[in-house]
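First up is the structure itself, then whatever we jot down about it.
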């Protein structure tokens, strides 16, 4: 997995108060919000079906920018 994507998803999880220990007790809307964000980024990489909009993970960023 792309390290930047993993960090992004970890930040999203933390901002929603999610972790691997409390997922069973999490609010369904919170889980849906996280799943939507994760699937959006995976679709941007072409790994799952989704919108055709290119996300920020679709192409590696140039280190010179």
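Since every read-out is calculated from the coordinates, none of them should be taken as a lab result. Source: prediction; values computed, not measured. Glycine also receives a Cβ, built like all others from the backbone with ideal geometry; neighbour counts cover every protein chain displayed.
A few notes on this one:
- Protection proxy ranking of 6-14, 19-27, 40-48, by the mean of other Cβ atoms within 10 Å over each peptide's residues and highest first, is 40-48, 6-14, 19-27.
- For segment 3-44: rounded, prolate or oblate by the Cα gyration tensor [a/c cutoff 1.5]: oblate
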